[in-house]
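Notes follow the structure.
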Amino acid sequence: MTASRHSTVRHGNATYVNAGQNSTPKNLSRQNSPIVIETTTSLRPSDDAEELKREAARRTLFQKISNNQFDIPNGYRKVEVLILRWDESIDDFGKGHNQEVQRLEGIFSDLGYGVTVASIKDDHPQVDFNLKILQHIRQHDGDDNLLIVYYTGHGSQVRNGQVRNLELSA
C-alpha cells in the first residue's frame with residue numbers, strides 16, 4: 001500500500017488541491033459562490049402598467065424633493081385667466097358667446113384660477129384689445145405665474161406682403 005502525497009495551497013479561508021492529486025476539496029469557502037434563486041413568479045401584462053405607475057410616482061417624488069432643495073415651486077404660484085369678448089351691444093353671436101364665457105368662467109374658477117372677463121368696445125377695438133392684455137400682464141405677471149388669454153370672437157389672417165396679421169372680428 002502506497003501512501004499518496006498531495007500538496008495543497010492555502011489562500012485565506014479556502015484550501016485548494018493541486019491538479020493530479022486528490023480532487024476532494026477541503027474547507028472550500030462559499031463566500032463568493034453564485035446564488036441561484038428560483039422563483040415561480042410569472043410576468044403578466046398588468047405588471048408593465050404597475051411598473052409604469054411606480055416609475056411615475058418615483059419621478060414625481062424626485063421632482064418634489066429636488067424642487068424643495070432648490071426652492072422651486074411645485075407648479076404655478078398663481079394662475080390668472082383673461083377672457084376677451086366683444087361688447088354685447090356689437091357681438092354678432094352674443095347669446096352663444098355669453099354661454100361660452102359663462103362655461104369657461106366656471107371651468108377656470110373650479111380649477112382655482114382667477115378669472116377676469118373684459119369687453120372690447122367698437123370705438124378703438126385694437127387699442128382696447130392690446131390695453132386689456134397689457135393690463136392683465138401688468139397686474140398678474142410674476143416668475144411662477146401662468147397667464148391665460150382667451151378670445152371668444154372670430155378672426156382671420158390678413159396678408160400684408162410677407163407679413164400675416166390676425167384681424168379680429170365680432
Provide the packing ranking of 106-115, 61-70, i.e. peptides ordered by the mean count of other C-beta atoms within 10 Å per residue, highest first. 106-115, 61-70
Near residue 121, which aspartates and glutamates are there with a Cα under 20 Å away, not counting those fewer than 8 places off in the same chain? 87, 88, 91, 92, 100, 167
Neighbour-count ranking for 59, 85 (other C-beta within 10 angstrom, fewest to most) reads 59, 85
Spin-label point model (7 Å from Cα, Cβ direction): what's the residue 49 to residue 90 distance in nm? 5.4
Estimate the FRET efficiency between residue 150 and residue 127 by the formula 1/(1 + (r/R0)^6), using the beta-carbon distance for r and 22 Å for R0, to the nearest 0.05. 0.65
Spelling it out for residue 150: with amide H atoms placed in the peptide plane at 1.01 Å from N, the residues 5 or more places away or on another chain with amide H under 5 Å from its amide H are 82, 83, 84
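Among rounded, prolate and oblate, which fits region 97-153 when a ≥ b ≥ c are the square roots of the eigenvalues of its C-alpha gyration tensor, a/c under 1.5 means rounded, and a/b larger than b/c means prolate?
On the way: a/c = 3.06, a/b = 1.13, b/c = 2.71.
Here region 97-153 falls in the oblate category.
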Table column - 3J(HN,Hα) (Hz), region 126-138, Karplus curve with 6.51, -1.76, 1.60, x for Gly and Pro: 5, 5, 4, 4, 4, 4, 4, 5, 5, 5, 4, 5, 4
So if we plug the beta-carbon distance of residue 68 and residue 167 into 1/(1 + (r/R0)^6) with R0 = 45 Å, what FRET efficiency do we get, rounded to 0.05? 0.40
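Bear in mind these aren't lab numbers, they're just calculated from the coordinates by the rules spelled out. Everything numeric in this text was worked out from a predicted model, so none of it was measured. Every residue, glycine among them, receives a Cβ derived from its backbone with ideal geometry; neighbour counts consider all protein chains shown.
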